[in-house]
Structures are given as C-alpha cells and as structure tokens.
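For reference, the structure is listed below as structure tokens.
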Amino acid sequence: MNRQSMLVIGGAACLIGVLQAQQQGGGPADSPAVSVKGKTYTPASILARNMGTTADQETQFPPHKVVGNVYYVGTKTLSSFLVVTEQGHILIDTTYERNVATIKKSVEQLGFKFADIKIVLGNHAHGDHQEGDAAVKAMTGAMVWAMAEDVPALKAMMPGGKEHPVDTVLHDGDKISLGSTTLVAHLTAGHTRGATTYTARVKDGSNTYDVVFFSSLRAGGTVTPAIAAEFDRTFALVRKLPCDVPLGDHPAEYDMEAKFAKRTAGGPNPFIDKGHCFDEADIQEAMYRAVIKERR
C-alpha cells in the first residue's frame, strides 16, 4: 500500500498521505484539519485512531454480543464479526493471518464452534481486513465470498505464497443468506474498488434492528477521477441505508470501546445508536472534501 497518494481531480494533482505509517516509517500529512461535531481530525489522527499500535492490532478485545445474533470477535483495533445462525455462521473480516488464532479463541469463548463458520466475507481487500481468508477456509472449509471489483486485489494477497480463495463473486445488491439471516452487500467503493458495506435486519428479543457493517470510507491509494466519482456515489449511498446499529471495520469508527464499557455496566444496549449512524461518514467526507480543496 502506498503511503503517499496522488489525488487527481479535474486534472489537478494533489498529494495526500495515507495508510499505515507504522509499516514503512512514513505517515500521512497532519493537515488539513476538519472539525465534526466538536472534534478535530487530521489524516494522521484518523490513521492513528483506526490502527493503533501493532500490539493493538493483534491483541484480543473481549468477545461480546453486539445485538441479536451479531458478535464481536476481533482485536482492539481490527474488527471481526460473527453472525450466528442455526445453519452455521458468517465471519466478516478475518483481519491479518496472524490474528486468525485469536479470532478462533474469541469464537470459542462465546460458546460457538469455529468449524461451524460456513461463509467468510470481507469489507475490503486490504491485508488488515482479509489476509486471513485462506487460513480460515483451510481450518473450517468455509466459502469465501467477495465483491467482484475487489477480486483482483484479493488474488494478489498471498500470505506465505498461499492462493487467496474466492469461491463466490458478489455484485452490488446481492444477498448472502444462511439460516434465517440475510445480509445485503452494497458496493461502497473508493477506499478500494470493491469496498463493501453489509446490511442486515437482526432480531433481538421482540425488536428488529437494521445493522450496518460499514466498510472504510477513507480516501486512500491513488484517487483518480473515476475513484473520486466512486466516493461521491458512496457518500450519498451510505446515508440512505436504514440504520439502527452502526458498526465498522475498525472499532474506533463506531466507538466500540466506550459502548462496550456501557454495555457491561448494564442499562440499554449502547450499540443501538441510530442517532450516530453516519458520524463516520460525516468525518470522512469532510476530510475528503478538505483534502481536495487544500491540495488543488
């Protein structure tokens, strides 16, 4: 992944910093700064918020129920969700291959069998979200489903030389059904060409909630005019999604740690948070527009 990207909008080249500073010693620019709902963000602060340290990326976060049949089984800064059904389970985001054992531990601590995972999904084709797909498939026999536009990038993701499996190719609006649960795959391109946001209607007791598993909405890599058009479509699309429970491919995107603390203290489920469903979209679009304006 590039640590600096040329943003080309209307023929103007704009230099922006992106992606994982800790891997190559560089970092994203610390400007522009945007303020959203009283908080100030820069490209560097967003990256630090999302990724944390290498230890954060690898350290198990207490596995927990989010709502209904949706559970968190990821690390402190890399999300992984288990959707449990009576006919097996769906795993969303395997993260790094080195984290698969940690995800397995979390699944088992919740009382489920890792071998019962039948479908593996990913939010987007970056190693910190989908590098572990081949390992999970080898351990469980699960089928890996992926958005068509991300298949080339996934096929190039070969930890240890292992071929990256893609068993079923998804397209925008396709449904993934297992047991009584159905997820809808929405193409929300920009961060990658096939970045995918999943939605589901989830029962919790006598209530039903719209759960949104957001993909990253952060500009990264080389942003051509075509990718800029993707972002314009994506930001408009995500705000139209029915949402009661916002989730994300990085826990900080939906304030998981604070919500988990409230959940363990008792009271109403803080993950049901309709009023803040699009906070992350607001942050990322504000940054995206500010970068374009500053770098022209």
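A short reminder: the numbers here are calculations on the coordinates, not readings from a lab. Please read all numbers here as calculations on a predicted model, not as lab measurements. Using ideal geometry, Cβ is built from the backbone for each residue, glycine included, and neighbour counts are taken over all protein chains shown.
Couple of notes before you dig in:
- Each listed q (0.23 Å⁻¹) maps to a log10 I(q)/I(0) for region 60-169, found by the Debye formula over equal Cα scatterers with no solvent: -1.27.
- Angstrom value of the Kirkwood radius, inverse mean 1/r, which spans all Cα pairs in region 136-229: 15.0 Å
- Among 89, 191, 276: highest mean-square fluctuation, GNM of the chain, C-alpha pairs under 10 Å: 276
- Distances between placed amide hydrogens fall under 5 Å for residue 179 paired with 87, all partners being 5 or more residues away or on another chain.
- Given +1 at the Cβ of Lys and Arg, -1 at the Cβ of Asp and Glu and no other charges, the dipole of the chain around its Cα centre is 320 debye to the nearest 20.
- Pairwise Cα separations in the chain fall into 10 Å bins from 0 onward with the following percentages, short to long: 6, 29, 38, 21, 5, 0.
- Where both bridge residues fall in the chain, DSSP classifies roughly 70% of the beta bridges as antiparallel.
- Compared with the dominant Cα axis of the chain, that is its longest principal axis, helix 225-238 is turned about 50°.
- Among 33-41, 209-217, sorting by the average number of other beta carbon atoms lying within 10 angstrom of each residue, highest first, gives 209-217, 33-41.
- Vicinal HN-Hα couplings computed from phi for region 145-153 (Karplus, 6.51 cos²θ - 1.76 cosθ + 1.60; Hz; Gly/Pro x): 10, 8, 5, 3, 5, 9, 4, x, 5
- Computed over region 198-265, the convex hull of the alpha-carbon atoms projects to a mean area of 5.7 nm².
- Sorted from greatest to least, the principal axis extents spanned by the alpha carbons of region 169-296 come out as 51, 34, 20 Å.
- Axis angle, to the nearest 10 degrees, between helix 279-295 and the longest C-alpha principal axis of the chain: 20 degrees.
- Residues whose placed amide H lies under 5 Å from that of residue 117, excluding near-sequence neighbours: 89
- Region 142-260 - charge dipole about Cα centre, Lys and Arg +1 at Cβ, Asp and Glu -1, debye rounded to 20: 100 debye
- Charge-dipole axis of region 4-295 as Lys and Arg at +1 and Asp and Glu at -1 on Cβ define it, positive-most pick from 185, 135, 60: 60
- Ratio of the Cα radius of gyration of region 253-296 to 2.2 N^0.38 Å, where N counts its residues: 1.64
- Among 32, 156, 277 the positive-end extreme of the charge dipole of the chain (Cβ point charges): 32
- Scaling against 2.2 N^0.38 Å puts the C-alpha radius of gyration of region 34-100 at 1.36.
- Mean sequence separation of contacting Cα pairs (under 8 Å, at least six apart), scaled by the length of the chain, corresponds to a relative contact order of 17 percent.
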